[in-house]
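Here is the structure we will look at, set down as structure tokens.
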Amino acid sequence: MARIFLALTPDKDLNDQIIELKKDLKSNILSDADISWQKNSDHHLTLNFVGSMEPEQIEEMYKGLTEINFMSHLQVDISHVNFFPNEDSQLLVAIVKPTNQILKVFRIIDEVVTRIGFGSSLKTYKPHITLGRFKDKDRPQYSYEDFGEIQISSRISKLDVYESEFDQGRTNYQLLRSFEF
């Protein structure tokens, strides 16, 4: 069984801006922090972590995804850096503005995975892109204001299906299939 998640993968322009944001954080406010930074090729905006799926279920999900009439692209606006899911967390993320377009795609994807028996997510969707994870559980305390306001804006033009594998303390992602908008 494969651990599957569906995500929006940044186009080159957006990914380059995220890489620059990480460089700025590394060289300024977080220069002394012990962080395991997300690989530059692994940035994504998760829509649904489905979990373990059999190959037949994955094929059924693909069929449901091909029936979706996506818009031509999604506008993505990153407003600030924060901790996820709360200020005591180890995960450092870029917060994505939850636009009507993004929330609509989230709901449509949730309907597809619910139809094949994976249940609806009960959590509130908080769109974000992982930047890194603090290695030290007793990391210094930062306030949200420490990171300042960010204005990153770009487009995403595809939905990707990934398999997630945990290997030797590191999570690896394998792209299984893309659906262009």
Checklist entry - What is the pair-distance distribution P(r) of region 1-52, computed from all Cα-Cα distances in 5 Å bins starting at 0, with each bin given as a whole percent? => result 5, 17, 21, 18, 17, 12, 7, 3, 0
Checklist entry - Given a cut-off of under 8 Å on Cα pairs at least six residues apart, what relative contact order in percent is computed for the chain? => result 35 percent
Checklist entry - Just how many % of Cα pairs in the chain lie over 28 Å apart, if you round to the nearest whole percent? => result 25 percent
Next on the checklist: Can you bin every Cα-Cα distance in region 21-104 into 5 Å intervals starting at zero and give me the percent of pairs per bin, rounded to whole numbers?
Outcome noted: 3, 9, 15, 20, 17, 13, 11, 7, 4, 1
Next on the checklist: Need one number: nm distance between label points at ASP11 and THR114, each 7 Å from Cα along Cα→Cβ, rounded to one decimal.
Outcome noted: 3.1 nm
Item to check | Cβ-defined net charge surrounding HIS80, 11 Å radius [Lys, Arg +1; Asp, Glu -1] | outcome: -3
Checklist entry - Given labels modelled 7 Å from the Cα in the Cβ direction, how far is it in nm from ILE68 to GLU20? => result 2.9 nm
Item to check | Per-residue ³J(HN,Hα) for region 135-145, Karplus 6.51 cos²θ - 1.76 cosθ + 1.60, θ = phi - 60°, Hz, x for Gly and Pro | outcome: 6, 8, 5, 9, 4, x, 7, 10, 9, 4, 5
Checklist entry - So which residue, out of ILE18, ILE116, ILE152, gets the largest mean-square fluctuation from a GNM of the chain using Cα contacts under 10 Å as springs? => result ILE116
Item to check | Where chymotrypsin sites (Phe, Trp or Tyr not before Pro) fall in DSSP loop in region 52-138, at most 15 other Cβ within 10 Å | outcome: TYR125
Checklist entry - Which of the aspartates and glutamates could a cross-linker span from LYS135 if the Cα-Cα distance has to be under 20 Å and same-chain partners fewer than 8 positions apart are dropped? => result ASP24, ASP32, ASP34, ASP42, GLU87, ASP88, ASP146, GLU165, ASP167
Next on the checklist: From the helices alone, meaning DSSP H stretches of at least four residues, give me the mean residue ellipticity at 222 nm for the chain, per-run term -39500 (n - 2.57), in deg cm²/dmol to the nearest 500.
Outcome noted: -8000 deg cm²/dmol
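No value in this document is a laboratory result; all are computed from the given coordinates. This structure is a prediction, so every number in the text was calculated from the model and none was measured. Quick reminder, even Gly has a Cβ in these numbers, built from the backbone with ideal geometry, and neighbours come from all protein chains shown.
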